[in-house]
Structures are given as structure tokens and as C-alpha cells.
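Below: one structure, written as C-alpha cells.
The values are calculated or read from the model by the stated rules, or taken from the named source; none is laboratory data. Just so it is clear, the model here is predicted, and its values are computed rather than measured. Every residue, glycine as well, gets a Cβ built from its backbone with ideal geometry; the counts of neighbours run over all protein chains shown.
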């Protein structure tokens with residue numbers, strides 16, 4: 001049969017807080033009940049999520065997660081990001097709720113995806129259809145700094161261990177001897193700056209962004225780093241705004 005549908009039921013502390021958050025991402029509330037058990041359904045196109053409120057639920061302790069497969073992760077990220085900016089004036093990059101940028105992850109077969117952590121602490125992991133997670137795709141090209149960046153992304157994006165991800169990058173950046181490609185260096189600096197924002201250290205984020213900004217790049221390198229440079233600009237606006 002080809003008409004089966006599986007829909008996760010995810011936990012939350014408050015159905016209205018959850019529905020309001022998804023509304024700013026472009027979802028509609030299609031069902032809501034308060035008795036006997038609080039329950040809400042949100043939908044955006046083919047994405048449908050169900051939430052049940054649990055008394056005393058702590059989002060920081062949530063293990064809720066699901067994978068959403070879409071045609072274009074970059075386009076969906078930009079639509080979600082626009083909703084966040086309209087509501088909050090910036091991307092929510094730290095705490096709960098938050099969003100991560102689309103990045104390739106070695107623990108998902110080098111698939112590119114992003115994650116929304118909603119008010120219930122649920123990790124909504126978005127991947128391009130056909131690129132759903134399927135395991136480690138091998139070692140990074142580009143030397144020790146590139147490998148450290150890949151490992152840091154796994155820890156920061158897939159596991160939420162921002163502090164350990166920062167430690168991994170700090171060690172390699174401190175010992176950087178110029179052997180890594182300049183594009184890898186800038187990507188590492190910008191990602192480390194994002195981790196600093198998540199760890200509530202805007203001053204260190206600023207120093208890292210200054211270092212990335214002062215790195216000489218040619219036009220081809222800037223084109224390759226377009227996403228990282230856009231991220232750097234957004235981090236700077238959020239840090240100083």
C-alpha cells in the first residue's frame with residue numbers, strides 16, 4: 001500500500017505557546033482541544049505535527065524529535081527565518097525555541113539540513129527529500145581543521161552540545177598554522193562565532209567575526225562562502241542590534 005501516513009505526537013508544556021510559535025513559521029492551527037487532554041495540530045503544506053501538553057513538562061528535558069523531508073531545505077529555512085525575523089527582529093539562535101542553519105553533517109551521510117527546536121524542546125530535523133539521515137559518510141577533506149569543523153557540527157547541530165563543539169574548534173583554531181584552505185578557516189570561525197552566541201558570549205563572537213572579516217578572500221572564495229558570510233552578517237546584526 002502507498003497511502004499510509006505516520007504523524008508524530010510530540011510533547012509540550014502549553015499548546016497555545018506551541019501553536020503561536022509555529023504560526024510565525026507559516027503553520028495553521030487545524031485542531032485544538034483543551035479537554036480532557038490539551039492537544040493541538042499544526043499544518044503547513046504537507047507538514048503536519050501533533051502536540052500533547054503534559055502537566056509539569058520541562059522542555060529542557062525533552063527527547064521529542066522527528067524528521068521532516070522537503071523538496072528544498074534552503075527555501076524552507078528562508079521562509080522560517082523570515083517569520084522569525086518579522087516576529088523577533090532576528091533569528092533565534094540560542095535557548096528554546098531556536099533554529100539552526102542548513103549545514104552538511106557527516107553523521108547523516110553528508111546530508112544538508114537544519115533543525116527547529118520548538119517551545120516544547122522538540123527537535124524538528126529538516127532534510128531534503130532523498131537525503132534523509134543514513135550514517136557517517138567518511139572523513140573530511142581539507143585537513144585537521146576541516147575534520148574538527150565536521151565533528152563540531154555533529155555535536156552542535158545533531159546533539160546540541162554547543163560547549164563541546166566549541167572546545168573542539170578552539171583547539172584547532174588555536175593551533176592553525178595556515179595549512180587549511182582559507183574557506184575552511186572562515187567557515188570554522190563563523191561557526192565558532194555562532195556557537196559563542198548560543199553560549200551567551202557575544203564579545204567572543206565579535207572577536208571571531210572580526211577575524212573572519214579580516215581574512216583575505218578572492219571572488220571565487222567569497223562565492224563559495226556565500227552562506228557562511230551571510231551567516232556572519234546576521235550574527236553581527238544580532239550581536240549589535
From the option list 146, 55, 86, single residue qualifying as out of contact with any strand residue (DSSP E or B) (no Cβ under 6 Å at 6 or more places or on another chain), closer than 18 Å to residue 27 by Cα and either modelled with pLDDT of 85 or more or surrounded by fewer than 20 Cβ atoms within 10 Å (Cβ to Cβ) (or both) is 86
Listed by range, strands (runs of 3 or more DSSP E) wholly within segment 13-121 having at least 2 residues that are touching a helix residue (DSSP H, G or I) at 6+ places or on another chain (Cβ under 7 Å) are 28-33, 39-44, 47-53, 103-105, 111-117
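Residues are listed down the side, and each one gets a yes or a no for (1) closer than 15 Å to residue 151 by Cα; (2) outside the structural domain of residue 93 (by TED's automatic domain parsing); (3) over 18 Å from the mean Cα position of the chain (by Cα):
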residue: 170; (1), (2), (3): yes, yes, yes
residue: 177; (1), (2), (3): no, yes, yes
residue: 181; (1), (2), (3): no, yes, yes
residue: 199; (1), (2), (3): no, yes, no
residue: 205; (1), (2), (3): no, yes, no
residue: 209; (1), (2), (3): no, yes, yes
residue: 215; (1), (2), (3): no, yes, yes
Restricting segment 26-47 to residues that are surrounded by 17 or more Cβ atoms within 10 Å (Cβ to Cβ) and over 21 Å from the mean Cα position of the chain (by Cα), the one nearest to residue 68 (Cα to Cα) turns out to be 41
Residue hits (segment 106-132; modelled with pLDDT under 60 and either crowded, with 22+ Cβ neighbours inside 10 Å or closer than 28 Å to residue 173 by Cβ (or both)) are 106, 107, 108, 109, 110, 111
All-but-one check, residue 154 against (1) under 19 Å from the mean Cα position of the chain (by Cα); (2) in a helix (DSSP H, G or I); (3) surrounded by fewer than 15 Cβ atoms within 10 Å (Cβ to Cβ), failing number (3)
Counted residues in segment 191-224 being buried (at least 21 other Cβ atoms within 10 Å of the Cβ) and assigned to a loop (DSSP other than H, G, I, E, B) come to 0
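Here is a yes/no grid of residues against (1) modelled with pLDDT of 90 or more; (2) closer than 19 Å to residue 90 by Cα:
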position	(1), (2)
152	yes, no
167	yes, no
174	no, no
189	yes, no
210	yes, no
216	yes, no
222	yes, no
236	no, yes
239	no, yes
Answer with yes or no whether residue 180 is surrounded by fewer than 18 Cβ atoms within 10 Å (Cβ to Cβ) and either assigned to a helix (DSSP H, G or I) or touching a helix residue (DSSP H, G or I) at 6+ places or on another chain (Cβ under 8 Å) (or both).
-> no
